[in-house]
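Working notes for the structure below.
What follows draws every value from the coordinates through simple rules; no lab data is involved. Please read all numbers here as calculations on a predicted model, not as lab measurements. All Cβ positions, glycine included, derive from the backbone under ideal geometry; neighbour counts span all protein chains shown.
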Amino acid sequence: MASRTPARPRSPHLFSGFLKLHYSWGPHMLVSILHRATGSGMATVGTVLLVWWLAAIASGAEAYATFLNVFTTDAGNLNVIGWVVFVGITYAFFTHALNGVRHLVMDAGAAFELKRNKMFSLIVIAGGFVLTAAFWLYLGMK
């Protein structure tokens, strides 16, 4: 009788069947990607907007009016572009900050258990939406 070699474990990036993954996508993976995306987005979009705003202020009233016209209506409220950009940056800020707290807790050696990690990840995602909504509702009341 021939001896059978036990099956060797597969790496998680290998497929079986038609592109079937050996691991399931989870919220902890999503917030890991979101942390990088929100950090990069704030760094690039935020910096471009800040430099444009400062250059418009330094260039005079006409340049500043052009900057405002891109993001606001004639009444001074945000237009569609303004809402998308500024609410998006606000969401990126809060999500990135909450995820930073999550990483700080994990760096301290806590929340590595799968259930707790997934729960913490869901709190980061939901918390980003809740804090963004609260921030913009607060601004709307002023």
Value of relative contact order over segment 40-142, rounded to a whole percent, pairs C-alpha under 8 Å and six or more apart: 23
Amide H neighbours of Gly26 under 5 Å, at least 5 residues apart or on other chains, H built in the peptide plane: list them. none
Could the peptides 68-74, 130-136, 93-99 be put in order, highest first, of the mean number of other beta-carbon atoms found within 10 Å of their residues? 93-99, 130-136, 68-74
To check my understanding: the extent here is largest minus smallest coordinate of the Cα atoms along each principal axis. What are those three numbers for segment 16-142, in Å, largest first? 59, 38, 25
State the dimensionless ratio Rg/Rh of segment 56-130 (Rg: radius of gyration of Cα atoms; Rh: Kirkwood radius). 1.27
So, in nm, how far is label Met141 from label Ile33 when the simple model puts each one 7 Å beyond its Cα toward the Cβ? 3.6
